[in-house]
Each structure stands twice: as C-alpha cells, then as structure tokens.
1. Could you tell me how many degrees, from 0 to 90 and to the nearest 10, lie between the Cα long axis of helix 53-66 and the main elongation axis, the longest principal axis, of the Cα atoms of the chain?
2. Does a label point 7 Å from the Cα of ARG15, set along Cα-to-beta-carbon, have any residues of region 165-191 with amide nitrogen under 15 Å, and which are they?
3. Could you tell me which label, among (1) 47, 40, 28; (2) 59, 38, 37; (3) 52, 37, 35, carries the value of Cα extents along the principal axes in Å calculated for this structure?
4. Against the longest principal axis of the chain, how steep is helix 189-205, in degrees 0 to 90 to the nearest 10, with axes from Cα atoms?
5. Given the options THR125, THR150, THR181, state which has the largest fluctuation in a GNM of the chain using a 10 Å cut-off (strictly under) for Cα springs.
6. What is the Cα centroid distance between region 131-174 and region 1-60, reported in whole angstrom?
7. Please rank ILE97, ILE9, fewest neighbouring Cβ atoms within 10 Å first, as an exposure proxy.
8. Would you calculate the separation in nanometres between label points at LYS64 and SER2, each defined as 7 Å from the Cα along the Cα-to-beta-carbon direction?
Amino acid sequence: MSIELHTPIADEDIRKLNVGDTVLLTGVAVTGRDAAHKWLADNFIHPVKEVSAEDRANFSDLKKYLERGLIYHCGPVVSGLDTKQYKFVAAGPTTSIREEPYQADVMKLFNLKGVIGKGGMGQKTLAGCHDAPAVYFHAIGGAAALIAQTVKRVVAVYKYEFGVPEAMWVIEIEKLPAVVTMDAHGVSLHDQVRTESERKLQELIS
C-alpha cells in the first residue's frame with residue numbers, strides 16, 4: 001500500500017520512510033536540472049559574483065515553494081508557450097547523478113524534504129538526506145506522459161532563459177508515484193544493488 005505525502009512535508013514523516021516504500025506525492029514541486037543547480041550554487045551557496053536584484057527576487061520566491069518541499073530532476077515538454085497557458089505534456093525524470101556535486105547543499109539551502117529523479121545519487125547526497133532529513137524518490141523512467149497527468153497546474157516558471165527543459169517550473173502535482181530508494185537513515189538501495197552486482201560479477205569471472 002502506497003504512503004501518501006503532501007507538501008509541506010514534516011520531518012517526522014520523512015523519518016518514518018524506509019528504502020522500498022512506495023509513495024504518492026501531492027502538493028508543490030519545482031523542477032531543476034543542471035543549469036538550475038549550478039545557478040543556485042554560483043549565486044547562493046558559493047557566490048562567485050554579486051547577485052542581481054532579479055535573481056534575489058527569484059530566490060526569495062523559490063524559497064517559499066521549496067521550504068519542506070520537493071525538487072524534481074525533470075526536463076519537461078510543455079505546451080502553451082506562446083500563450084503562457086502552460087501545460088505539461090511529458091514530465092519524466094532525468095538522471096540525477098549529474099547533480100551530485102550540488103544536491104546536499106541545495107537540500108540544506110531550501111530545507112528540502114525530497115528529491116525526485118531516477119538512477120539514484122551518491123554518498124554526499126545520502127549524507128545530506130540524513131542531515132536534512134530528506135529522502136530520494138525514484139520516479140518511473142519511460143513514463144513521461146503518464147507522470148505528466150499528475151501535474152495538475154503550472155503555478156509559475158523561473159529562469160525561463162535557461163530554456164524550457166532547464167527552467168525551474170513550479171508545479172502542483174497530485175499522487176505522483178515514486179519509490180524511496182535513499183532514506184534519511186543512511187540506507188541507499190542503489191548502493192545495495194551496486195554491491196550485489198559487483199559480487200555476482202566476481203562470482204562469474206572467478
């Protein structure tokens with residue numbers, strides 16, 4: 001039976017989750033990929049230049065949406081770009097490991113409770129999940145159109161200049177299905193699979 005979670009998510013609800021739990025996510029999420037994570041790192045985590053007034057305003061807005069919320073590694077296909085009547089046509093997860101250098105810091109920056117993506121992440125993010133607390137939600141790869149049906153509304157879009165896939169889309173989701181594969185207790189299903197695969201490989205070649 002799936003566990004239903006609604007944003008903003010409480011710490012105690014995150015600590016109750018364990019690797020293997022299936023969940024249905026409802027509430028507000030923000031998409032963010034490579035450009036978004038680098039922008040956050042360069043401007044608000046390890047600033048390399050003076051932050052513009054526009055970016056400060058963007059950050060202030062995003063903080064309201066992401067506080068105890070969810071960031072989604074997703075490069076969506078969006079219709080209605082000309083009229084700004086935005087609708088997600090495809091919303092599948094993208095590979096998360098590219099955000100490994102940034103993710104733990106971004107979780108701390110926004111007090112995130114969950115990261116949605118595919119493929120899992122590394123030890124720095126796993127430690128960040130323990131500290132936050134937060135979890136990694138593995139979404140279904142290859143089901144972009146089906147996941148898009150859980151996106152009920154586009155609330156806003158930030159950093160549109162990055163391009164549609166890399167922009168930060170604020171979306172309302174309803175019962176987006178996912179599996180906890182990295183929990184707040186230091187357990188990673190991805191590490192377990194990797195270890196077991198290496199063991200099997202050694203058996204085969206020995």
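Every read-out reported here was derived from the displayed coordinates using simple, explicitly stated rules and does not represent laboratory data. This one's a predicted model, so the numbers in the text were calculated from it and none came from an experiment. Quick reminder, even Gly has a Cβ in these numbers, built from the backbone with ideal geometry, and neighbours come from all protein chains shown.
1. 50
2. Once the point is set 7 Å along Cα→Cβ of ARG15, 184-186 turn out to lie under 15 Å by backbone N, inside region 165-191.
3. The calculated read-out lines up with (2).
4. The angle comes out near 40 degrees.
5. Between THR125, THR150, THR181, it is THR150 that shows the largest mean-square fluctuation.
6. Region 131-174 and region 1-60 have Cα centres separated by 10 Å.
7. ILE97, ILE9
8. About 2.9 nm separates the two model spin labels.
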